[in-house]
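J.: Let me begin by handing over the structure; questions about it come next.
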Amino acid sequence: MKISPFKIEEWMNRYEAGALYDLTATCIKPLTVCELLEISSKTGSSYTESELHKMLNTPLDYGDITGSERLKNNIKSLYTTQETSNITITHGAIGANQLVFYSLLEKGDEVVCIVPTYQQHYSIPESIGAEVKLYFLKEENNWLPDIEELSKIVTSKTKLLCLNNPNNPTGSVIPNWLIEELVEFAKKNNVWILSDEVYRGLNLIGNPYSISIADIYEKGISVGSMSKTYSLPGLRLGWVCAREDLINEINHQRQYNTISVGVLDDYFASIALENRNAIQERNFNIMQLGIKTFSEWLTKEPLAECIIPNGGTTALVKYKKDMPSRKLCKIFQNRTGVALLPGETMEMEGYVRIGFCAVALKPALDLFSDFLHQ
């Protein structure tokens, strides 16, 4: 199977590790094991010596193949209409998305993908042999989908519509009323919806959690992860939430590439979800500080434009410089040590992505301003 180079990941693999300041980051300051256990103890959870003894003496075998009941029950609590039979555990959201595509799509199927988004959403279907159509969000529409425009792209042949909410890289959040309209549109066209919801729980306005596609649509597939909302990217743990027959097919497919996740990953994810309110409060404070710093910088910087994000951890910034985004980011990092993600890696030339929850955000943004004005 041939597949396109994964432009975002290849860029970050090359430039992220050596950065002085990393503005490519999408995670909110990852927790240490000690911090996670400290949060749990402050919220009244009983992580006693006997519990720690149990953890340290856990056999490092395959564990529960599709995820422990403890973990799946915790994930179930994030939804309103789901049972544990509607959930399977994966190697991160990246593994979840891949399994959905392999379980649902065949050569010749038509897929509509809302971009910008994670390249996985369109490159994997292309590699399977699906016909992929890209629907580009527009800045003048606040990076939100327009159903009338979608209706010109979706056809009777369309099998799957892919979206990302909250959106990476724009930070746009599809309001609940528009999610419901998208579902009605999908029903009329008999189209599945894959909603990559890895930033769900990180809305900056209103309820932190948008409604989930799996809760309101029979053909809705929700993908989640411990990486973004819960600051545990190192666990490499995600999940798919969907109707039971699709979960059964995914579990059939996952025997070939997953078998099970690590038992300690499962254990720590369960602890985090049982203490998610405290983790979200911690993360919300970091997000609020970051978006304030970013907004203040933006109002003073005439060579940059951006619609302020309503959720997630990233912003898509248009720069007023006559230079391709890859070249700009390379030169900028060579001169300053600050890593940015070029928009070209997300099919958005003329933009850069900035993670506004990054450590040392202000000095990095000040260096970007100096560079733009040179």
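The values are calculated or read from the model by the stated rules, or taken from the named source; none is laboratory data. All figures in this text were calculated on a predicted structure; none of them were measured in a lab. Cβ placement follows ideal geometry from the backbone for every residue including glycine, while neighbour counts extend to all protein chains displayed. When the accessible area is computed, the model is the full protein with side chains, heavy atoms only, and any ligands, DNA or RNA have been set aside. Shrake-Rupley method; radii C 1.70, N 1.55, O 1.52, S 1.80 Å.
J.: Residues of the stretch 221-249 being closer than 16 Å to Y102 by Cα and under 20 Å from the mean Cα position of the chain (by Cα), which ones?
T.: If the condition is that a residue be closer than 16 Å to Y102 by Cα and under 20 Å from the mean Cα position of the chain (by Cα), then I221, S222, V223, W239, V240, C241, A242 are the ones that fit.
J.: In the stretch 173-191, is there at least one residue being crowded, with 20+ Cβ neighbours inside 10 Å and either hydroxyl-bearing (S, T, Y) or in contact with an Asp or Glu (Cβ under 7 Å, 6 or more places away or on another chain) (or both)?
T.: So far as the stretch 173-191 goes, no, none of its residues is crowded, with 20+ Cβ neighbours inside 10 Å and either hydroxyl-bearing (S, T, Y) or in contact with an Asp or Glu (Cβ under 7 Å, 6 or more places away or on another chain) (or both).
J.: Another question, if that's okay. Which residue is surrounded by the most Cβ atoms within 10 Å (Cβ to Cβ), if the candidates are limited to the stretch 129-152 and must be in a helix (DSSP H, G or I) and acidic (D, E)?
T.: For the stretch 129-152, the residue satisfying everything is E139.
J.: Going by the conditions given, is W192 closer than 14 Å to Q98 by Cα and at pLDDT 95 or above?
T.: no
J.: Please specify each residue of the stretch 110-128 satisfying the condition of being open to solvent by less than 30 Å² (accessible area, probe 1.4 Å) and assigned to a loop (DSSP other than H, G, I, E, B).
T.: The answer is P116, T117, Q119.
J.: Between a first residue in the stretch 7-27 that is touching a residue at least 24 places away in the same chain (Cβ under 8 Å) and in a loop (DSSP other than H, G, I, E, B) and a second residue that is open to solvent by less than 40 Å² (accessible area, probe 1.4 Å) and β-branched (V, I, T), which pairs have beta carbons less than 6 Å apart while being 6 or more apart in sequence or on different chains?
T.: Hits for this filter: E16/T24; L23/I354; T26/T313; T26/T314.
J.: Now for a separate question. Could you tell me whether P363 is in contact (Cβ under 8 Å) with a residue 60 or more places away in the chain and either out of contact with any Gly (no Cβ under 6 Å at 6 or more places or on another chain) or buried (at least 22 other Cβ atoms within 10 Å of the Cβ) (or both)?
T.: So P363 passes the test.
J.: Still on this model: For the stretch 263-276, how many residues are over 19 Å from the mean Cα position of the chain (by Cα) and open to solvent by 10 Å² or more (accessible area, probe 1.4 Å)?
T.: Matching residues across the stretch 263-276 total 6.
J.: When the residues of the stretch 1-52 are filtered to those that are basic (K, R), open to solvent by 60 Å² or more (accessible area, probe 1.4 Å) and more than 23 Å from M287 (Cβ to Cβ), which remaining residue is modelled with the highest pLDDT?
T.: Among those residues, the one meeting the criterion is R14.
J.: Please work out if S156 is free of Cβ contacts under 8 Å to residues at least 40 places away in the same chain, farther than 26 Å from R276 by Cα, of a type in the set (S, T, N, Q) and open to solvent by 10 Å² or more (accessible area, probe 1.4 Å).
T.: Taking the combined requirement at face value, the residue satisfies it.
J.: Which of the residues belonging to the stretch 68-104 are under 21 Å from L264 (Cβ atoms), open to solvent by less than 20 Å² (accessible area, probe 1.4 Å) and not in a helix (DSSP H, G or I)?
T.: Selection gives S68, I87, T88, I89, T90.
J.: So, in the stretch 53-67, how many residues would count as being open to solvent by 80 Å² or more (accessible area, probe 1.4 Å) and among the small types (G, A, S)?
T.: 0
J.: Moving to a separate point now. Considering only residues that are in a loop (DSSP other than H, G, I, E, B) and among the aliphatic types (A, V, I, L, M), look in the stretch 282-313 and name the one that is farthest from the chain's Cα centre (by Cα).
T.: For the stretch 282-313, the residue satisfying everything is L303.
J.: Just one of G67, G63 is of a type outside the set (D, E, K, R), modelled with pLDDT under 95 and touching a helix residue (DSSP H, G or I) at 6+ places or on another chain (Cβ under 9 Å); which is it?
T.: Just one listed residue meets the conditions, G63.
J.: Considering only the stretch 281-336, state which residues are open to solvent by 30 Å² or more (accessible area, probe 1.4 Å) and in contact with a Pro (Cβ under 9 Å, 6 or more places away or on another chain).
T.: The answer is F284, N310, K320, P324, R326, K327, K330.
J.: Here are some conditions: (1) open to solvent by less than 10 Å² (accessible area, probe 1.4 Å); (2) more than 14 Å from Y79 (Cβ to Cβ); (3) in contact with a helix residue (DSSP H, G or I) (Cβ under 6 Å, 6 or more places away or on another chain). Y199 meets all but one. Which one does it not meet?
T.: Condition (3) is where Y199 drops out.
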